[in-house]
1. For residues in region 165-211 being modelled with pLDDT of 80 or more and of a type in the set (Phe, Trp, Tyr), which is farthest from TRP106 (Cα to Cα)?
2. Limited to region 163-215, what total is found for residues that are within 22 Å of the chain's Cα centre (by Cα) and over 18 Å from PHE142 (Cβ atoms)?
3. Given the condition under 15 Å from the mean Cα position of the chain (by Cα), part of a loop (DSSP other than H, G, I, E, B), crowded, with 20+ Cβ neighbours inside 10 Å and of a type in the set (A, V, I, L, M, F, W, C), answer yes or no: does some residue in region 55-66 qualify?
4. Take the residues in region 259-280 that are in a helix (DSSP H, G or I), out of contact with any helix residue (DSSP H, G or I) (no Cβ under 8 Å at 6 or more places or on another chain) and not small (Gly, Ala, Ser); name whichever of them is modelled with the highest pLDDT.
5. From TYR283, TYR250, which residue is in a helix (DSSP H, G or I) and within 13 Å of the chain's Cα centre (by Cα)?
6. Pairs under 8 Å by beta carbon, first residue more than 23 Å from TYR75 (Cβ to Cβ) in region 41-56, partner part of a helix (DSSP H, G or I), six or more apart or different chains?
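The values are calculated or read from the model by the stated rules, or taken from the named source; none is laboratory data. Bear in mind the structure is a predicted one, so any value in this text is a computation, not a measurement. Heads up, the Cβs are rebuilt from the backbone with ideal geometry, glycines too, and the neighbour counts pull from every protein chain shown.
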Amino acid sequence: MIAKLFKRFSVFSLFISLLILSFLSYLYSDLEMLWLSFQSRILNFLIILGLLIMTINAVRRVFRFSKLENRFHYYLLTYPLIVFSFPVELFDIRILLSSTLFFNGWASFREYIDSKNTLSSSVLLNKLFDSTLLITFSAAIFYENIFFLCFPFLAMIFSKKSINRQELGIILLTPIIILFALCQFLLAVEFDSFFFSSLLSEYYFSFSNTFEISLLYEKIDLLIILSLFVLSIMIGNKSKIDYDARTLEYDGLAFSAIILLVLGFSNSQSGMLLHYLSLPLAYYSNRVFVISNNTYIANFLVILLTISFLLFNFV
């Protein structure tokens, strides 16, 4: 069966995933690029491919600690197809970099929550510090990204184990110290113009009375993926997961809702902003595979995604 090719982590599934990501990176490297670009297309290609691989690795880590069945590796196919479905005309590498940093920070935070009751406090604090540091570096690119620290903070507040002073100090003081030191360093080397930009002003976000998300259904393959996302939310998770894992899933849904609101109220919609949704779309669309043990459904979904990818991108 076709679905079995991606059910397990294998050389074949990894090769197909990397092949699609490489082709996508090659196409991205030919677009007009903002912020960081080289005259050599090969260097642009390698940077984009590296960031995409880091994101798909974050997806793997999130699935590993999501309390779902972690033996399935359908994300190796769905994540490249999801990113391929984004309508991007101008490539802003800052979006890809900041979203990659946040997703890896979130993956570290899920590892922290999972091992909170089993490891020593020093190891736990290192995991939390790694998560906070990655999200802080994301905020150094677009300062609005500092808002993303609210999601691990809320997860700890509603966790079974109450937040302590050490955790509170790391998540509140680390961003202040790092951002202040980084800002002073960039000013000293006169490199500050490349950092601390405003995402909302550059993408013309405004609180208009009209909520417009036509960007999400301009491409049929993206609409199919969004349908799987909505279906996963409607079906819910029938497996028995603990309180903390369920709290983290609610956190992910809140993050997705906020990004959709930003997209909906932005006067100048950009497909690059959809990269902030790449991990949630991959995670929740894969839940449809995990929730059902029916191999026919899994094969149907794999064939549907593959055909839509080929049909609406190359025909």
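1. PHE185
2. The total comes to 4.
3. Among the residues of region 55-66, not one is under 15 Å from the mean Cα position of the chain (by Cα), part of a loop (DSSP other than H, G, I, E, B), crowded, with 20+ Cβ neighbours inside 10 Å and of a type in the set (A, V, I, L, M, F, W, C), which makes the answer no.
4. My answer is LEU261.
5. TYR283
6. ASN44/TYR28
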